[in-house]
Each structure stands twice: as C-alpha cells, then as structure tokens.
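Heads up: the structure comes next, in structure tokens.
Every number in this text was worked out from the coordinates using simple rules, so none of it is lab data. Not measured: the values here are computed from a predicted model. Because the Cβ atoms are built from the backbone with ideal geometry, glycine has one as well, and the counts that use them run over all protein chains shown.
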Amino acid sequence: MSNDVILVAGGGGFIGGHLVADLKAKGFERIRSVDVKPFDDWYQVHEGVDNRVLDLQELENCREATRDVARVYNLAADMGGIGFIEMNKALCMLSVLINTHLLMAAREAGVEKFFFSSSACVYNADKQRDPRVVPLKEADAYPAMPEDGYGWEKLFSERMCRHFTEDFGIATRVARFHNVYGPHGTWEGGREKAPAAICRKVILAKVSGRHEIEIWGDGLQTRSFMYIDDCLEGVDRIVNGEVPEPVNLGSSELVTINELVDIVEEIADLKLQRNYKLDAPKGVNGRNSDNDLIREYVGWEPSVRLRDGMAKTYAWIWDEYVAKYGAGKAATTV
Ligand code: NAD
Ligand code: GDD
C-alpha cells in the first residue's frame, strides 16, 4: 500500500476549499477532497483533484475516503455562525460521528498524520463574560464549560485525537480556530458569520438605497477575526511542526462588532443608521486569542489586518451578490 494521498474532509466548504487550493499550489499531486454536499454547492471544485461526495458520518464512507491516505485534514462539520450553532445544537453535536469515524478509519488505513479543526467555542464561558476580555489561553478550556452543543463536540473530539495519539500512535494536530473569514465562504442563508453577514447587509443597504442596518446584540460585544490566508499558513505550520497539544489559531486584533461595521462602512463608502436587535443570537460577550503558545511552537502568529482582509471579502461578496440578485434597486430581496 502506498499511502501518499492527502485527504481534505469538508473540501466543499469554506476553509476546506481554500486548503485544497493551497495544497495544490504547494505541489501536492494526489489530493482527495470529500464533502457531503452535491458538487453544485461546493464553494470551490478544483481540477486535478479526486473530488467525492460522501457522508463522512458513516464509518464505511470514512474507510473509502481514507484509502491510501497518508494525511487527513478534517475540516468537515455541520456548523455556522452563532445564529446557526445556537439553534442547531443536536446537529452540531452529530459532527462527533465525522471525527470519530475518520479517526477509526485513519487508524485502520495507516494514516500518519491527522489534523482536526477545533474552535474557540471550546473555551470556558466564564472567561468570556466581559467584552474587554483577557485573551484566551489554551488552558482556559478547563474546567470545561464550552459553548453548548457545538463547543462540547469540539472539546470531546479534541480529546479523542489526544487518545488516538496516546493509545494508537497516530500523530494528531489540533488547532482552535478563532472566527475565520474571507472570500468563497457562506454569506447568506443562516450559517454566515458576522464578517460576511455585515458585508451582505451593507451591500443590501447600498443597492437598495435604504441606509440602515440591523446588528445583532448591542454592538459592544468583541471578537477577533482571522483572514483565511493566515488560517492556511497556521494550519501548515501546525501540521508540519511539533505541536503536541491543541493550540489557538486566531488573530489577536480585538474589535467590537460596531468597529467591524465601521470598517465595512468605510470600505463601502457609506454611513448607515444602526438598529440593534437585542434578542438576536449573541454568543459570548468577548473573545480574543492569546498567541503565546503558537508563537512558542511555530514562531509565527496571524498578522493580516482586519481592514485589509475585509476589503477582499467585501469585494468578493459584492460580486456574488450582484451576480445573484443584480445591482439595481429591485435586488433587495435578501
Ligand atoms: P463550512 O461549513 O464552510 O465547511 C464545512 C464543510 O463540511 C461543509 O462544506 C459541509 O458540507 C461539510 N460537511 C458537513 N457534514 C459533513 C459530512 N457528514 N460529511 C462530509 N462533509 C460534511 O465551514 P468552515 O468555515 O470551512 O469550517 C471548517 C472547519 O473549521 C469546521 O470543522 C469548523 O467547525 C471549523 N471552524 C471554523 C471556524 C470559522 O470561523 N470558519 C471557526 C472555528 C472552527
Ligand atoms: N452571524 C451574525 N450575523 N452575527 C452578528 C450579526 C449578523 O448579522 N450582527 C451582529 N452579530 C454578532 C453576533 O451576535 C455575535 O455576537 C458576533 O457578531 C459574532 O457572531 P458570529 O461571527 O456569527 O459567531 P461567533 O464569533 O460568536 O462564533 C463563531 O466563531 C467561532 C470561533 O471563534 C462561530 O462561527 C463558531 O461556529 C466558531 O467556532
């Protein structure tokens, strides 16, 4: 058996699609990209890649996906922004089947390295009550009080990776992503995260001439947002480095949601009246990434400025919006 295939699970999704492009650009020739969605719904379908539609909650499909595979990148999960994860806790938890079955199949197939995409949602809620949050250190995940549903699944799957390493010798790497944004991701439909949602709402205001915007919460909650290029660089360094424990992969540029809206308004050259929807899904009050550990392990941390990454994201969503709805005033049905 010559195990030299690289598997990207969730390759039809936002980060998975970019990862396949990145691996191709790095010269890897045997890449398998697997997603449960039909090809028409993939954000990117790359040529020269073994693209397959498979439900990776099923063990048999994980066996098929990991055949001849040396390395697995697991980016597959049923997830979305806070609006989705607060309303779909059971669906989020069922992603545990994906990581569990992928690990089992990877072990059987003799996979050498296994990457799992965890989340900042594993962190203890008590550490995220103040918008002026102290950046989260990896140790802050315990004692465990993660985001209900989605966060518990991520924390459990992190530990599954740890024990597969300890008991079965499979090298695992775990990154805790902090809110990732960029082109070729979800920008409408309910799963979108704040950066894409705010872009879409500003574009709608611009196109319709109705210069107002609905913001979830009071706008004072804080987050850090990581541009996709930083995410890819970080994954590469973590996978190829000696990183024996879960590590933060996130920007440390903390902003309020109001400041995020300021940035998009500036990019769009527009000022909007802000309407705050206080009963909308809000998540934690504050979240930022402490990057001491990633600097220690790989000598690097994310650095793309939010303003720069948002300009590229806005431009891509603008094109998508106009292609789908047109740019005339009638195109206001979103
Ligand atoms: P995404 O939703 O764009 O991609 C996930 C992909 O997984 C989707 O295309 C989906 O169809 C696929 N998938 C779901 N169930 C599947 C199944 N049963 N079998 C096969 N494929 C299945 O999300 P993303 O933003 O690209 O996130 C990738 C990973 O990173 C996920 O594990 C996510 O939890 C994690 N993460 C993302 C962020 C972020 O801000 N984007 C933050 C923290 C963690
Ligand atoms: N989605 C969204 N849409 N959020 C909005 C909006 C809007 O129109 N307006 C304001 N917000 C606020 C939300 O209320 C929340 O307080 C903040 O923006 C960030 O929301 P999201 O980007 O949806 O999610 P999150 O940061 O709370 O959690 C996300 O990041 C985690 C990793 O850091 C989720 O995507 C998780 O799945 C992910 O693991």
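The table below lists the values:
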item: Sum of side-chain charges, Gly10 neighbourhood, beta-carbon under 11 Å (Lys, Arg +1; Asp, Glu -1); result: -1
item: Estimated 222 nm signal from helices in the chain, with DSSP H stretches of n ≥ 4 weighted -39500 (n - 2.57), rounded to 500; result: -12000 deg cm²/dmol
item: Sequence-distant residues sharing a close amide H with Asp148 (under 5 Å, placed H); result: none
item: Formal net charge of residues neighbouring Ala70 (Cβ-Cβ distance under 15 Å; K, R +1; D, E -1); result: +2
item: Restraint check, Lys24/Lys271; Lys154/Lys324; Lys137/Lys206; Lys154/Lys277; Lys24/Lys201; Lys271/Lys312, Cα-Cα greater than 31 Å; result: Lys24/Lys271; Lys154/Lys324; Lys137/Lys206; Lys24/Lys201
item: Globularity ratio of the chain, using Cα Rg and 2.2 N^0.38 Å; result: 0.98
item: Segment 1-92: antiparallel DSSP beta bridges as a percent of all, rounded to 5; result: 0
item: Net charge, Glu233 excluded, C-beta distance under 13 Å - Lys, Arg +1, Asp, Glu -1; result: -3
item: C-alpha center-to-center spacing [segment 65-107, segment 230-247] in angstrom; result: 19
item: Overall form of segment 37-121 per C-alpha gyration tensor (a/c, 1.5; a/b vs b/c); result: oblate
